Amino acid sequence: MLTLLGACTTPLNFSWPSGPQRPQLYYISTPFNEAEFAHYDGRGRSSISGQAFVRVPGSLIEAAGSEVVVVPDTSYTRELWRPARSGRYTRVANFDPRYFKYRRAVIADGNGNFRFTGLPAGDYIVQTNVYIPAEGRTVFLHRRVTVEESAAANIILSDLNQQ
């Protein structure tokens, strides 16, 4: 599960499956641009809901109890998610803590369902992780979604629709 530490001096840390792995640092080259995030400051009247799961042979593993995160889709955010998507990095060395102001998180229910309300209209990235016990691995799921003013976007977040 993606674990974000709130201390301003602490780099962003990603938790990956256990095993021998040497921490790899990722350095963000895109500066945090407050103007890109400004539209997403505060509450709106839109929502994003859906279900997150991974298909494995013979079964479906829901994101039950997993943290689901929604963040504005900005140049900084797209680069920030790069280390998590690649699986090669365990820490972001130069993370900007202003990001936390725009990050929203919920815990998926027992069926992997989630819902974010009070969002300003705009473009977002929704992400979560699903642990597959039989394989001892974690699958990072993410999806870009656009939500219109006063609208409700309903999405499926799975290994079948990764962008």
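No lab work stands behind these numbers, since they all come straight from the coordinates. Computed from a predicted model, the values in this text were never measured in an experiment. For neighbour counting, all protein chains shown are included, and Cβ atoms are generated from backbone atoms with ideal geometry for every residue, glycine included.
Can you tell me which residue within segment 46-65, out of those that are exposed (fewer than 14 other Cβ atoms within 10 Å of the Cβ) and either in contact (Cβ under 8 Å) with a residue 24 or more places away in the chain or assigned to a strand (DSSP E or B) (or both), is farthest from the chain's Cα centre (by Cα)?
Ser59
The set of residues in segment 118-137 being in contact with a Gly (Cβ under 9 Å, 6 or more places away or on another chain), surrounded by fewer than 20 Cβ atoms within 10 Å (Cβ to Cβ) and part of a strand (DSSP E or B) consists of Gly118, Gly122.
Give segment 66-86 a look and list any residue that's part of a loop (DSSP other than H, G, I, E, B) and hydroxyl-bearing (Ser, Thr, Tyr), or say none. Scanning segment 66-86 gives Ser66, Thr74.
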